[in-house]
Each structure stands twice: as C-alpha cells, then as structure tokens.
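**Student:** A single structure is presented below for examination.
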Amino acid sequence: MAVALASVAMTTRSYLLRDVDNRVNRLLTQETGEFANFEERGGDPQTGRPFTDADRLLTVFLERQYPDADEELIGLVGRAGGGGPRQIRQPHDLPVALPLHRDPEARRRVFVSPESSGVLRRPQGEIRWAKVTVAQPGREPDAAFVVAFHPERERARVNTVFRTLLVISGVALLLTTGIAWAVAGRILRPVRVVRTAAAQLTEQDLTRRIPVHGHDDIAALAETFNGMLDRLERAFAAQREFVDDAGHELRTPITIVRGHLEVMGDDPAEREETVRLVTDELDRMSRIVEDLLLLARAERPDFVTPEPVQVAELTADVYVKARTLGERDWRLDSVADVEAELDPQRITQAMVQLAQNAVQHTTTGQTIRIGSRADGPHLELYVADSGPGVQPQDTEVIFERFRRGTARRGARGSGAGLGLSIVKAIAEGHRGRVRLHGTPGGGATFALVLHAPRAPEGDPT
C-alpha cells in the first residue's frame, strides 16, 4: 500500500511538472508569435505607416500587453558592448528574488545568445526565455523582444500538491493499516484457536475441539481439524486397547508357564507333562508375537507387493494347502479364469487363515468350499463353511484385534483373536475389504473382495 501510494504521488508530481513546462512553452510561443505578427503587419498609430524605428516598435507593442504574474515582457535596444542593451519594459512587479529587468548580466546573455529560446539557471532562480530580434533592412539586429518566465512559483505549487498527496497518503496508509490489522485479526482468530488447540493437545487429553461458526474456509478448516482430532483420538484409544489386550494375551501364557515350572516335581512323568504344557504355551506366545509383528508391518507401504497372478492357479494352490488343515469335506468351488495384480503370498496367507478358521468351527466330515469369481471390476476369493455361522452382533467384532465372537460356536477358541485382523489387513493392503455373509444351508462365508482383475492374454473380452 505504501509503495502504491508513493507511486501515485510521484506520478502526479511528474505529470504536473510536465504540465507546467508545456504551459510555459505555449506562453513563450504565443507571446513571440504575437510580436512577430505585430512587427510584420502593425503600424505606428501616430503616422499610420509601418514602423521604421525599433525603439518605437517595442514601446508601442509593450504598451498594449498585459503580462502574467510570473512573466516579463522586455524590449532590448542597442549593442551588447559597453553597459549592455537598453531595456524597455512595463511597470510590473514580480514576486521573485531577482527579475530579469534587474539583472544586467542575464539580459546581456539573452541578448547575445544566437538561440531564439533557452533557460537561464541562476542562484536566484531559473528563467525560461524566448526572443524575437528586430533589425532594419540591410543592417545587423540591434534590438530584440524578450519574453521571460519565472517558473519557481508554479513548481512550488506542484511541490505543495505533492506534499499534500504524501500527507493524505500517509493518513490513508495508517487508516488502511489499522482496518487491515483489525480485519485480519478477526479473520485469523479461528486459525489462532486452531494453533492454541493443537499446542494444548497431549496424548492424555485429545478431547478439545474447535467451535465451528459459519460456512467459510475457516469453518471448513476447523471442521477438518476436528475430524483429524476425532481420528487421532480413536487411534490413541485403539492403541491403548491394543496394548492392554496384547499385554493380557501375553501375560496369560507367561503365568501358565511360571505356575507349571514352580510346581513341577521330580517325577519324570510329571516333568514330561510340564514340559509339554510349557512348550505348548510358548508356541502360542510365539504365534501371538508373530501375528503382532505382521499387523505392525501392515502399516508399511511395502506390506503388499502386487504382481500379475493367474487367479485360477492361485485358487487351486490354496485348495491343495488347505486340505491338510483337517479332515473335512473339502471342495474346490467356482474358479475365476482371470489375471490380476495381487501379492500371491499375502493372499495365500489370508485364504489359509480363513480355511483354518473354518476348520476350527466345523467338525469332521462337514463341507468347506474354496473358490474365486470375477464380477466386473471386482475379484472375490472366498471360503465357505457349513458350521453354525456367525451371529449378527459378532459380525464386526470378530475382525478386531484380540476379539472373538463367542456367540458363533458357543465356545472360545484357542487362538489369540488376531487371525481375522490379519485377513482384514491383507485385504485393505490390496485396496479391498473382507465381506462376511451366511452360507446357504447354514454356515459362514468369508470373502476377500479385491479390485481391478485383468483378462488373460488372448481373451477378446
């Protein structure tokens, strides 16, 4: 704002000074033109004949002129030598320090100058002048008509306007700064509230929220920040719950191992039984640790490494591996003959985990079907069992870490409750999801719903 106002003031001053110069030039041109016309066409009022004497010509012309306040009209007669040319002028006082008619040296310089106009720069002030020489036929010029203008007062008025503009600009700048300060402070107040709320957030207190007023960008920022705080609070709550559950799940096998070792006697059979129990609990604890590490790696961008995979071959491999998990009526259901970008190891791990889950909740001879199918841009790999199914209240719970749906089978399994969480993480790593629905005739079907299968080469569709 300061630069803009200063530029306006400087531009205005330059324009006004240029206007003064133009007006002075027009004035000098007008006065000299009038004298030249009078010299050519005018006549002596006493004789009615053309002027033959320069002195008389200058005297008559000057008697008929009315100079401006800063203008001098002077007639110079005689030679430049000696005391300089004699001057003829009207009685006219000028508000300047040293007029031309009182400066013999300046008059001489103007008279002898070969130019018809020019500028005299003196310590007492600048003079803009123009002249018309007067000469009798066949003789050297011995007289001249001089128009002199003193521009100091005009320029002083321009400078006064310039200073006034500077003062007005300064006042305008102060007012604008004050208004802008107040408006900016009001606009940025919600931002300061956001900054203050962010500074006061701690791991123990994530309950602060920013009040939202209006529907502008600041309100949208506050809503976004509040949404981020909601997600952060849920993440911390999930983290605390996860740590508590993990500590509980790991504490149980440690307690069992310690208890059996403390009461172990010298009987070889008792020692053998204790070693078996301890080994079993250590194996379970090892599986829990491995599952926890796998879930931790699920947050990394390289958790899934997709590559072109023939889904039919992958489904068949999963079926072969799952058959060794238990004596069930294993069936290879429909197979999708497509190629898709998948991580075969992770998908196999998820499908085997779903098969293991189906084995745990079925009995010998019950049917478990494994298959895959393509539905437009989606690919679905599923495991369907014929067990008792999943109760509606357990549908979301079973995919959480260390949570198990006790209502599904009526008995709590031996796992730590991390298997389906791993399956969910693998599906989300492929930008997909896990879908659970009932199996016709009874049971539960778990399906990995993934995106963007690709048709195999040579398939015209």
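**Student:** Give me the one-decimal nm value for the distance between modelled label points at Arg258 and Leu332, 7 Å along each residue's Cα-to-Cβ direction.
**Tutor:** In this crude label model, Arg258 to Leu332 measures out at 5.1 nm.
**Student:** Leaving ligands, DNA and RNA out of it, report the carbon-plus-sulfur percent of the accessible area of the chain at a 1.4 Å probe.
**Tutor:** So the carbon and sulfur contribution to the accessible surface is 53 percent.
**Student:** Rounded if a/c is under 1.5, else prolate if a/b beats b/c, else oblate: with a ≥ b ≥ c from the C-alpha gyration tensor eigenvalues square-rooted, which is the stretch 266-335?
**Tutor:** oblate
**Student:** Helix hunt in the chain: which complete DSSP H runs extend at least 27 Å axially by C-alpha with mean Kyte-Doolittle at least -0.5?
**Tutor:** Length and hydropathy pass: 2-41, 152-200, 217-263, 268-297.
**Student:** Fully extended, how many nm does the chain gain between Asp375 and Thr29 (0.36 nm per residue separation, minus their Cα-Cα distance)?
**Tutor:** Additional length available on full extension: 115.1 nm.
**Student:** Which of the GluC sites (Glu not before Pro) found in the stretch 195-236 are loop residues per DSSP with 10 or fewer other Cβ atoms within 10 Å of their Cβ?
**Tutor:** Answer in residue order: Glu203.
**Student:** If you average the C-alpha positions of the stretch 305-322 and of the stretch 366-399 separately, how far apart do those two centres end up, in angstrom?
**Tutor:** Their Cα centres are 17 Å away from one another.
**Student:** Also, I was wondering about something else. With every protein chain present, what is the per residue accessible area of the chain (1.4 Å probe, Å²)?
**Tutor:** That works out to 58 Å² for each residue.
**Student:** Once amide H atoms are placed 1.01 Å from N in the peptide plane, what residues at a sequence separation of 5 or more from Leu379, or on another chain, have their amide H within under 5 Å of its amide H?
**Tutor:** Those lying under 5 Å, H to H, from Leu379 are Leu450, His451, Ala452.
**Student:** Using a 1.4 angstrom probe on the protein heavy atoms only, could you order Tyr382, Tyr319, Tyr15 from most to least accessible area?
**Tutor:** These residues rank, largest area first, as Tyr15, Tyr319, Tyr382.
**Student:** Kindly report, to the nearest 10 Å², the accessible surface of Glu63 as traced by a 1.4 Å probe over protein heavy atoms only.
**Tutor:** It works out to around 130 Å².
**Student:** To continue, here is another question. For the ranges 55-62, 175-182, 277-284, what's the packing order if you count other beta-carbon atoms within 10 Å of each residue, average per peptide, and put the highest first?
**Tutor:** Answer by packing, highest mean first, reads 55-62, 277-284, 175-182.
**Student:** Another question, if that's okay. Is the chain best put as rounded, prolate or oblate by its Cα gyration tensor, with a ≥ b ≥ c the root eigenvalues, rounded for a/c under 1.5, and otherwise prolate when a/b is larger than b/c, oblate when not?
**Tutor:** Cα axes put the chain in the prolate bin.
The values are calculated or read from the model by the stated rules, or taken from the named source; none is laboratory data. As the structure is a prediction and not an experimental result, all values here were calculated from the model. Ideal geometry is used to build each Cβ from the backbone, glycine not excepted, and the neighbour counts take in all protein chains shown. These area figures cover heavy atoms from the full protein model, side chains too; ligands, DNA and RNA do not enter into them. Shrake-Rupley method; radii C 1.70, N 1.55, O 1.52, S 1.80 Å.
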